[in-house]
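Below: the structure, in structure tokens.
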Amino acid sequence: MKDKTRSNKGLWIGLGVIIIAIIGVMFFRHTGTSSQSSSKVQIIKVGSGNDGQPFAYLDKDGKPAGMDIALLQAIDKKLPQYKFKLTLSDFPTMITNLKAGKTTMAMYQVEQNAERKENFKFGTVGYTVWDTLLATKKSAGVLDSFADAKGKKLYVTNSTNQATLTDTYLKKNADAYSVVRGTYTMEQVAQGLNSGQFNVYPAPKYSIDLLNRQFKTNLVYGKAVNHSNAYPLFNKKADPKFIKAVNKAMAELKADGTLKKLSNQWLKGDYVPKD
């Protein structure tokens with residue numbers, strides 16, 4: 001009996017050691033997997049705006065807000081393998097940061113043009129229609145082309161596609177009109193138009209609608225002088241896998257109605273491209 005008892009005790013001790021060992025292995029495998037999974041999350045520096053209401057700006061509490069910010073958050077949520085870190089600035093600085101490699105991606109109503117295609121990579125899914133119209137007060141007349149703006153004064157934001165379009169026409173038609181350049185807020189644009197600092201504002205329909213709605217500018221416009229959409233923008237050295245992931249997320253957000261919802265929420269209308 002004595003020997004049998006010892007034998008049983010030895011058996012139970014042996015089983016206990018094995019069970020503890022198994023639990024230990026499972027624990028380390030679990031924690032090792034979690035650590036490995038966590039380490040796979042890649043931080044992506046993303047540029048956007050800090051002064052462009054309602055697209056990307058800082059709210060009264062100093063927090064990022066606007067359509068582009070909300071869209072970035074929706075993309076980030078769809079991509080658990082990445083974590084976006086925002087770098088907010090004015091538009092020209094955002095473009096400079098992306099070109100210098102300080103950021104990997106940018107989203108701030110960026111349109112395609114030849115110069116940008118040379119320096120950056122564009123996403124494949126447009127999220128806002130940006131057909132350029134020449135907005136004016138009724139007293140300045142309805143303009144259907146840059147030729148119609150002869151003798152007038154235009155305002156353009158530095159580094160925007162509207163600035164490029166305006167300058168391209170001037171290169172072929174010197175002194176056709178004068179240009180005021182800057183990084184004005186929408187309120188400052190409204191003040192400039194109302195005060196007569198300038199009388200033509202090349203802009204997309206939703207910007208004109210915003211000025212008329214919020215600042216009572218009563219602007220009119222004619223035919224579009226350029227057809228364009230806004231796209232996500234990437235540094236030339238951005239990982240193709242990351243670009244592909246963002247394009248996929250954007251396509252899903254367009255298909256499930258998220259883009260339209262964000263457009264209605266922030267821009268007060270459906271300005272999502274139909275193509």
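The values are calculated or read from the model by the stated rules, or taken from the named source; none is laboratory data. Everything quoted here is computed from the prediction, not taken from an experiment. As a convention, Cβ positions derive from the backbone with ideal geometry for all residues, glycine included, and neighbour counts pool all protein chains shown. We work out accessible area using only protein heavy atoms, side chains counted, and drop any ligands, DNA or RNA first. Shrake-Rupley method; radii C 1.70, N 1.55, O 1.52, S 1.80 Å.
The listed residues TRP130, TRP266 rank as TRP266, TRP130 when sorted by accessible area, largest first, using a 1.4 Å probe. Relative to the dominant Cα principal axis of the chain, helix 258-267 is inclined by about 50°. Averaging 1/r across all pairs of distinct Cα atoms in region 124-211 and inverting the result yields a Kirkwood radius of 13.3 Å.
Between SER139 and PHE215, the simple label model (points 7 Å from Cα in the Cβ direction) yields a spacing of 1.7 nm. Suppose R0 equals 51 Å. What FRET efficiency, 1/(1 + (r/R0)^6) with r the Cβ-Cβ distance, do VAL180 and LYS40 give to the nearest 0.05? E(calc), rounded to 0.05, equals 0.55.
With contacts taken as Cα pairs under 8 Å at a separation of at least 6 residues, region 38-187 carries a relative contact order of 23 percent. Taking all Cα pairs closer than 8 Å and separated by 6 or more residues, the relative contact order of the chain comes to 24 percent.
Which value at 222 nm does the chain reach when only helices count, each DSSP H run of 4 or more adding -39,500 (n - 2.57), with the total divided by all residues and rounded to the nearest 500 deg cm²/dmol?
Numbers: 9 runs with 124 residues, N = 275.
Result for the chain: -14500 deg cm²/dmol, rounded to the nearest 500.
The C-alpha atoms of the chain define a longest principal axis, and helix 161-172 lies at about 40 degrees to it. Projecting label points 7 angstrom from Cα along Cα→Cβ for ALA114 and GLU187 puts them 3.9 nm apart. Can you find, among GLN53, THR157, GLY141, the residue farthest towards the positive end of the dipole of the chain? Put +1 on the C-beta of Lys and Arg, -1 on that of Asp and Glu. Of the candidates, GLN53 comes out farthest on the positive side. DSSP assigns beta bridges within the chain; of those with both partners inside it, close to 55 percent run antiparallel. When the C-alpha to C-alpha distance is required to be over 24 Å, the pairs from LYS223/LYS254; LYS138/LYS223; LYS85/LYS236; LYS102/LYS254 that qualify are LYS223/LYS254; LYS102/LYS254. Equivalent-ellipsoid semi-axes for the chain (Cα gyration tensor, √(5λ), whole Å, largest first): 57, 18, 15. Of VAL179, VAL129, VAL200, the residue with the greatest mean-square motion in the GNM of the chain, using alpha carbon springs below 10 Å, is VAL179. Per residue, the accessible area of the chain comes to 55 Å², computed with a 1.4 Å probe over protein heavy atoms only. The listed peptides 245-257, 96-108, ordered by packing as a protection proxy, come out as 96-108, 245-257 (highest mean of other Cβ atoms within 10 Å first).
Amide H contacts under 5 Å for GLY47: THR87, THR104, MET105, ALA106, MET107, restricted to partners 5 or more places along the chain or on a different chain, H placed in the peptide plane at 1.01 Å from N. The H on the amide N of TYR82, modeled in the peptide plane, is under 5 Å from the matching H of GLN42, each at least 5 residues off or on a different chain. Taking Cα atoms, how many degrees apart are the long axis of helix 2-39 and the longest axis of the chain, rounded to 10 and kept between 0 and 90? Helix 2-39 and the main axis of the chain meet at about 10 degrees. With a cut-off of 15 Å between beta carbons, the residues surrounding SER89 carry a summed charge of +1, where Lys and Arg count +1 and Asp and Glu -1. Under 5 Å from the amide H of VAL125 lies no amide H of any residue 5 or more positions distant or on a separate chain, with H modelled from the backbone and absent for Pro and chain starts.
Once the Cβ-Cβ distance of LYS241 and ASP270 is raised to the sixth power relative to R0 = 45 Å, the FRET efficiency obtained is 0.90.
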